[in-house]
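Inspection log for the structure reproduced underneath, given as structure tokens.
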Protein chains: 4
Amino acid sequence: MANAMQPDDTPALRKLYADFKDQHLNPLWTQLGDLMPRHPRPKAVPHVWRWADLFPLAQASGDLVPVGRGGERRAIGLANPGLGGEAYVSPTLWCAIQYLGPKETAPEHRHSQNAFRFVVEGEGVWTVVNGDPVRMSRGDFLLTPGWNFHGHHNETDQPMAWIDGLDIPFSYQNDVGFFEFGSERVTDYATPRFSRSERLWCHPGLRPLSGLQNTVSSPIGAYRWEYTDRALTEQLLLEEEGQPATVEQGHAAIRYVNPTTGGDVMPTIRAEFHRLRQGAETAVRREVGSSVFQVFEGRGAVVMGGVTHKLEKGDIFVVPSWVAWSLQAETPFDLFRFSDAPIIERLNFDRTLVEGGD
Amino acid sequence: MANAMQPDDTPALRKLYADFKDQHLNPLWTQLGDLMPRHPRPKAVPHVWRWADLFPLAQASGDLVPVGRGGERRAIGLANPGLGGEAYVSPTLWCAIQYLGPKETAPEHRHSQNAFRFVVEGEGVWTVVNGDPVRMSRGDFLLTPGWNFHGHHNETDQPMAWIDGLDIPFSYQNDVGFFEFGSERVTDYATPRFSRSERLWCHPGLRPLSGLQNTVSSPIGAYRWEYTDRALTEQLLLEEEGQPATVEQGHAAIRYVNPTTGGDVMPTIRAEFHRLRQGAETAVRREVGSSVFQVFEGRGAVVMGGVTHKLEKGDIFVVPSWVAWSLQAETPFDLFRFSDAPIIERLNFDRTLVEGGD
Amino acid sequence: MANAMQPDDTPALRKLYADFKDQHLNPLWTQLGDLMPRHPRPKAVPHVWRWADLFPLAQASGDLVPVGRGGERRAIGLANPGLGGEAYVSPTLWCAIQYLGPKETAPEHRHSQNAFRFVVEGEGVWTVVNGDPVRMSRGDFLLTPGWNFHGHHNETDQPMAWIDGLDIPFSYQNDVGFFEFGSERVTDYATPRFSRSERLWCHPGLRPLSGLQNTVSSPIGAYRWEYTDRALTEQLLLEEEGQPATVEQGHAAIRYVNPTTGGDVMPTIRAEFHRLRQGAETAVRREVGSSVFQVFEGRGAVVMGGVTHKLEKGDIFVVPSWVAWSLQAETPFDLFRFSDAPIIERLNFDRTLVEGGD
Amino acid sequence: MANAMQPDDTPALRKLYADFKDQHLNPLWTQLGDLMPRHPRPKAVPHVWRWADLFPLAQASGDLVPVGRGGERRAIGLANPGLGGEAYVSPTLWCAIQYLGPKETAPEHRHSQNAFRFVVEGEGVWTVVNGDPVRMSRGDFLLTPGWNFHGHHNETDQPMAWIDGLDIPFSYQNDVGFFEFGSERVTDYATPRFSRSERLWCHPGLRPLSGLQNTVSSPIGAYRWEYTDRALTEQLLLEEEGQPATVEQGHAAIRYVNPTTGGDVMPTIRAEFHRLRQGAETAVRREVGSSVFQVFEGRGAVVMGGVTHKLEKGDIFVVPSWVAWSLQAETPFDLFRFSDAPIIERLNFDRTLVEGGD
């Protein structure tokens, strides 16, 4: 379509185009259809990374690659096959498996990029966020919002791996990132069961009077699995009782939120947890913006752009913008999800198309 | 001061003033100092109601006064001595002790006035809010935001009493109230331990995807004592560890909030719970707007306008606008507080003066 | 209805009620229907004050009553006949005719009450708001938001009268007001055509980079008639061209807004200007909250609660809460309106019922 | 720095890195310093495009390239020399010179990308936005927010050129764009002096009651030069009178805003106009996010990253993120500016460093 009205290829036109190039100009009419397609046509592609592949490679890097100042983290980024080898799971999001060996410490630093961790298995690591030690255990969702110092240390004789999510591609692309090194060790090696942030903030519907100022990101350092699991369990029970509680039949879901606002945990990243009953299927949805899911428990499948991918515990997949997706649960099926939805919504680009449904 | 420039009292002036009256006019210059004082000069006065007085009168009314359609509630309003006998604890707020005998039911109705209940002692009553039965137990704070149907029933052989707080004076004064009768019985006599609202909403930092629309008032029907107590306990422990957590030395406090916004539970009423260590004293504060406190546990005193009032469990006191107040804890001292602060703040009339401090 | 379930009048009950009184208590069941009616049942009544009555009385007070420190203003408040003689046009609003004789000065003061002036006729007075002299002329709407020093002076040999609107009753009732005297003369006797506030802020869609902080009230000192008239004229022309522009057929209207937010000019007071074509009638509306209108030009009528009141230039009428009202235009008909709608809306008590339509 | 802790280059490591590649993985430790620099290190470079170069090339394209369905616009994008030839003036922004010959029509379409036009010289074209014809004249700033149909037509015998600004790179990069063709001609060839949007909305501080719903983007189609010029003139006059009005000494500036909110005109693009007195210099600023300026009138210079570029009327320059910049006015100096600041601020990445000052 973009070429429908292209001018004849004459010497004069070639001269014009050469002049454009000399003057650092580039005409719209030769590229409109690519630049401004009828609907999002992402270069990023739907893709599944298998935990069975990821974890052994993380282990191997644990043997070969030191962790310390400079490299900072033993983190292996998922590189979307459509994005030319860059460690971008989508144009906006970074997702990596991070691995910390027995007794290792990842040094402290801070950056304007927003970060979280999600733990699909294991325990024994504490992440220290602005001096507050936060235990990491299976099912926990842990926050390191922009410009908070953070480091990690493994207290045990066992290695531990988890996934990191950040807005690195977005920050890099738009030139918004700052970075600062901190301590080469973590500033507090205590190993409390609950972080100070949880002790102050994790009481439902209660806000400390010492924390009445709203914050850009959530003040909660760890969203514990125990609460997530209970919330989802209750939604399914309420559904059985005939009460409105779930997103759609057989599909419970919670969003992790900033208790000072009720909104997303960080300005650029949304995080959710989804639970499907055995046999449930979600409606087919298209959404502007990209999402990453990790299977936490159970077996099932995701259909992306018409292609079905079987899924097992730990598997990670990405749904690029406007790709139709739905989930199918072979067993009870638990999935963690994160996305760039706050970017999309705050800039008013959000659109959703639900193709099927109950 | 208002009289400094009053005109001479001449026949012409008397004629003018008579004409004003005939034409429904009233000049500013004769009343300025009263109408527009240098600082708030409330008619409402500081006052303490003793639980030892209130409860027996509530019991007596239980014997003499039926509860049912028409009267609707066996609620006895606290009438500020400065407000001419009206059942107003302050110009904006209503506070009553409500009493429900064994097996009694208070019928369902709804009104645009916002309401809550706080339970200083007892159990056995369920309040049914829009069909959702909510257990009432000691220390619980329970919501009935405007225009939600609600009724109460006592399942036991014991009477139960609690306090109600509403914005009735504000609604009456400003002509904003609507009222509608509902069922003469409650619509659901189930007695679940937790209401559906709690099962959906009381998971810290987690929001159901079925509840992403913000609501004017909190969707939580009951804020349980267990959580309030734990939050306050943690604040004092954190203080002992040298961490910022309390409002001031020895003074822990939480605000009950709407999880969809992080703001006040209802558009007109703020509710908080305060805990003082034994021996602690708060700073002396003056605030625009009026507050009501009820002692939940312990012994201490409130100083209002320079007068010290000893306090025991269940005692209720009102702090009118701009009256200097502070608390003193003889023992560990727990107090529930509610106020009209959302009215004051949303209309930008808020001012606070802290005269002393830690 | 409130009396349906009243207990028998026994000695025990009389004793109980006496005890209530002794203890500063007042039961709900004897007063429910009054306190919490089915819909707002204001004490304030619809009423019309005639400019033909008001202006001569203002003139007479100009002869008899000095203006100066203490009395502060020669302002005569409209006292709603339902409100017991208080100078309240409604439970929330004050409306007065203010009169300033030749060469007189009303001294500077400030108060937390929000104030405006509207000029139905005349010119020659400057109001000085925080040191910024603001010309007052026919059709202008002038702001003095809470806590801004302000005084007025008449530069001419002619007296001038205008109406003042404030939230005095609301502030008085809820004990939120502060007051401070300023200079006994105005601080700047300059008489510029446009105030500094207008020169900085009255450029449509343009915001000074020196004023990026949002303000609680509008920074504009004067909303000039020239702009109001033009806006309304354009709306009616657009309507003739078949374009959406008016509220309803033949009814143009603008709201005065705070350019930093697009919202109401002050936290407690809404102000609007309405223009009806000759022969136009508005739909019949009921609204929560009270409004005051002044006829600026033309002849017509208002129907309030089924009663028709003929209106001429300068006439002022009040519509109490939930009273059905509509306007009829005998000639082209211009009316200024102010109301307590921001109070009602910020506290989520707003409801509107449109009984008829266009 | 990123390489400080790189592992030894062993066969095992090479095997690991090859496995990473096979599995679409990419480790952080080899690229950290590039991906997450200490401060933004944009690929985009400061650059100046000369109007003396741009306009003749636009004219030449007018002779060689048709305008019509398919190519849609005769727009020539400024391609930042650091961005590999893409028509991106910065990572987020598109800036093009658009040229429309005598009597030509650019057909209607709509897209989710937000767009504006700014006219440095000429007149005679009307842009038709959702059916509302909007005159384009020197100094006017014209809006076409996302998803509004728009086309342009030249009524005269003279060609006209202007600049377009859009968020095409941002939309393309993040896969958020939708596009739809409309009429091949504009839907209304009327040539009114003022658009309907202006007639409804361009009255300072006045909001139509038919437009009380806030809109994501400004409803104003054209911000006229007459108003911009007057606002800047008044700021400099106020400065001369000793009043606060300018950004810094000798530097007046306005931001174009959405009158329904007081905020930016569109969710992704900020637009401002700056005026410097002859001889004035601005402070040296670093800001997160990228800006584009066009000289509207006068002569002066911009210093970017320590390099001084002389500027004349029509010259366009880009300031990439975190590049230090300041302006110097040889004559009275007027500049139009647009930027991606709303993206940066809504996602809380904003930082500003003012190195000097007034």
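Laboratory data are not the source of any read-out in this text; all were calculated from the coordinates shown. Source: prediction; values computed, not measured. Ideal geometry is used to build each Cβ from the backbone, glycine not excepted, and the neighbour counts take in all protein chains shown.
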Using the Karplus curve 6.51 cos²θ - 1.76 cosθ + 1.60 with θ = phi - 60°, what ³J(HN,Hα) values do you get for each residue of the stretch C:174-180, in whole Hz, with x for Gly and Pro? 9, 6, 10, x, 10, 9, 9
Can you give the FRET efficiency for residue D:307 and residue B:243, using 1/(1 + (r/R0)^6), R0 = 45 Å, r = Cβ-Cβ distance, to the nearest 0.05? 0.35
Where the only charges are on Cβ atoms (+1 Lys, Arg; -1 Asp, Glu), what is the dipole of the protein assembly as shown about its Cα centre, to the nearest 20 debye? 0 debye
Could you tell me how many degrees, from 0 to 90 and to the nearest 10, lie between the Cα long axis of helix D:11-22 and the main elongation axis, the longest principal axis, of the Cα atoms of chain D? 30 degrees
What aspartates and glutamates sit close enough to residue B:313 to cross-link, taking a C-alpha to C-alpha distance under 15 Å and skipping anything fewer than 8 places away on the same chain? B:53, B:121, B:297, B:330, B:334
Sorting from shortest, the nanometre distances separating the label point of residue C:215 (7 Å past Cα along the line to Cβ) from those of the same residue in the other copies are 2.6, 3.4, 3.9
So what does the Cα-only Debye profile of chain C read at q = 0.06, 0.07, 0.14 Å⁻¹, as log10 I(q)/I(0), no solvent term? -0.25, -0.34, -1.20
Residues whose built amide H sits under 5 Å from the amide H of residue B:280, excluding neighbours closer than 5 in sequence, are B:329
Distances from residue D:64 to the same position in the other copies: list them in nm, one decimal, shortest first, using label points 7 Å from Cα along Cα→Cβ. 5.2, 9.0, 10.2
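Specify the longest stretch of chain D that does not include any exposed loop site, a site being one of the GluC sites (Glu not before Pro) with a non-H, G, I, E, B DSSP assignment and at most 13 other Cβ atoms within 10 Å. Could the numbers behind the result be given before it?
Numbers: sites that count: D:184, D:241, D:355.
The reported range is D:1-183.
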Averaged across the residues of C:256-269, what count of C-beta atoms belonging to other chains lies within 10 Å of each residue's C-beta? 4
Which residues' amide hydrogens lie under 5 Å from the amide hydrogen of residue B:47, considering only partners 5 or more residues apart or on another chain, with H built in the peptide plane? B:318
In whole Hz, with x marking every Gly and Pro, tabulate ³J(HN,Hα) for the stretch A:323-338 from phi via Karplus 6.51 cos²θ - 1.76 cosθ + 1.60, θ = phi - 60°. 7, 5, 9, 7, 10, 9, 9, 7, 10, x, 9, 10, 9, 8, 9, 9
Taking each label point as 7 Å beyond Cα in the direction of the beta carbon, state the distances from residue B:131 to the same residue in the other copies, shortest first, in nm. 4.2, 5.2, 6.3
Treating cross-link reach as a plain straight distance, find the lysines whose alpha-carbon is under 20 Å from the alpha-carbon of residue B:43, omitting any fewer than eight places away in the same chain. C:21
Just to confirm my numbers, what's the Cα centroid distance between the stretch B:69-104 and the stretch A:226-246 in Å? 38 Å
Folded to 0 to 90 degrees: helix C:225-240 orientation relative to chain C principal axis, Cα: 80 degrees
May I ask you to evaluate 6.51 cos²θ - 1.76 cosθ + 1.60, the Karplus curve with θ = phi - 60°, for each residue of the stretch C:142-150 and list the ³J(HN,Hα) values in order in whole Hz, giving x for glycine and proline? 10, 9, 9, x, x, 6, 9, 4, 7
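Counting other C-beta atoms within 10 Å, which of A:156, C:260, D:261 has the fewest, and how do the rest follow?
Values: A:156 15, C:260 22, D:261 18.
Listing A:156, C:260, D:261 from fewest to most nearby Cβ atoms yields A:156, D:261, C:260.
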Taking only DSSP H segments of four or more residues, each worth -39500 (n - 2.57), what value at 222 nm results for chain A once the sum is divided by all its residues, to the nearest 500 deg cm²/dmol? -5000 deg cm²/dmol
Semi-axes of the equivalent ellipsoid of the stretch D:222-354: what are they in whole Å, largest first, if each equals the square root of 5 times a C-alpha gyration tensor eigenvalue? 21, 20, 14
FRET efficiency (residue A:189, residue A:354; Cβ distance; R0 45 Å; to 0.05) is 0.40
Can you bin every Cα-Cα distance in the protein assembly as shown into 10 Å intervals starting at zero and give me the percent of pairs per bin, rounded to whole numbers? 1, 8, 14, 17, 19, 18, 13, 6, 2, 1, 0, 0
Top positive-direction residue, dipole computed over chain B with Cβ charges, set B:97, B:189, B:235: B:189
Direction-averaged shadow area of the convex hull around the Cα atoms of the stretch D:47-211, nm²? 10.7 nm²
Axis carrying C onto A: which residue of C has the nearest Cβ, and how far, whole Å? C:214, 8
Considering Cα pairs under 8 angstrom that are at least six residues apart, work out the relative contact order of the stretch A:224-354 and quote it in whole percent. 27 percent
PRE reach from residue C:50 (point 7 Å along Cα→Cβ): which of the stretch C:64-87 fall under 16 Å by backbone N? none
